[in-house]
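These notes are about the structure you will find just below.
Read-outs: derived from the displayed coordinates by stated rules, not from any lab. In this text, all values refer to a predicted model and were calculated from it rather than measured experimentally.
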Amino acid sequence: MKAFASSLLGLIALVMLTGARDPILVPEVSQHEVDLQQGFTGTELLLFGAILTPEGSRAAQDYDIIVVLKGPTQSIVLREKQKVAGIWINVASTELRSAPSYYAIASTKPIADIVDDKTAAIYELGLKWLQLSPIGAIDPEEQARFSSGLVDLNRRNGLYREEEGGVKVSEQVLYQARIGLPSRVPTGIYTAETYAVSKGRVVASASSQVEVRKLGIERAIANFSENYGFVYGLMAVFVSVAMGWLAGRLFALI
C-alpha cells in the first residue's frame, strides 16, 4: 500500500512538473469590433500577444506560433457548371454542412514544418484541412473537387488566405500577425485562435473574439431584408423596373 501511494505521489508530481513547463498564451486583437459602413474598403487586424510561463515570466524556449481567424460557419450549396451544346448549365451540386464564411491562417513557418498531417487535421490548420462536411452521401473524389472549388473561389475573393511566415515572434515573448479583411467580409462573430507548438505538439492555445457588424443605412437595409424578405423582394423588383423605365425615357429624349 505504501509503495502504491508513493508511486501515485510520484506520478502526480511528474504530471505537475510537466504541466508547469507548458507556456501560457495571452492573446489580444487590435479591434474587437469592425464596423462596416458606406465606403468600407477593408481593414487590417493586428493579432498579437505574449508567450509566458505559468509563473508569468518569459518562456524558456522558442515556440512556433499559429494564428487562425475564422468567421461564422454556415451551410452552403455548391453547384458545378459545364458547357453543354454551347450553353452553361448546372450539372451537379452538393451541400456542405459547416463552411467558414471567412478563414485566414498565419504561422511562423510553413504548417507542414510545424505539425504533422494528423495534428493539422484535428485543429484545421490550413485550407487543406478544413472540415467541409457534406450533407448526405457523396463520392470522395467528387467531394474533394467541390471542396477545392469552394476554397479556390473564396481565396480569389480574399475570404480564404494563408500566410506562411506571417507571424513574428520577438525575444521569445511577443508575437504578432497582421490579417486583412476585404471589403466584402461577412458579418458575425469571428474567433481568433492562437496555438503554441513545440516539437510538433500543440502545447497551449487561447482565443479571443471579433465582431464584424454593419452600421448606418447598410445595417437598416440588412435588417429590413432579413425581417421582411417578401416586401424587400417586391421593392427590389419595383426599383429595377422603375430604373429601367426611367432609362428608356431618357434615351428616348436624346
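At a glance:
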read-out: Given 70/118; 168/214; 118/168, the pairs whose alpha carbons are separated by over 28 Å; value: 168/214
read-out: ³J(HN,Hα), Karplus 6.51/-1.76/1.60, whole Hz, each residue of the range 60-72, x for Gly, Pro; value: 7, 8, 7, 10, 7, 10, 10, 10, 10, 10, 10, x, x
read-out: Cα centroid separation - the range 29-69 against the range 147-171, whole Å; value: 16
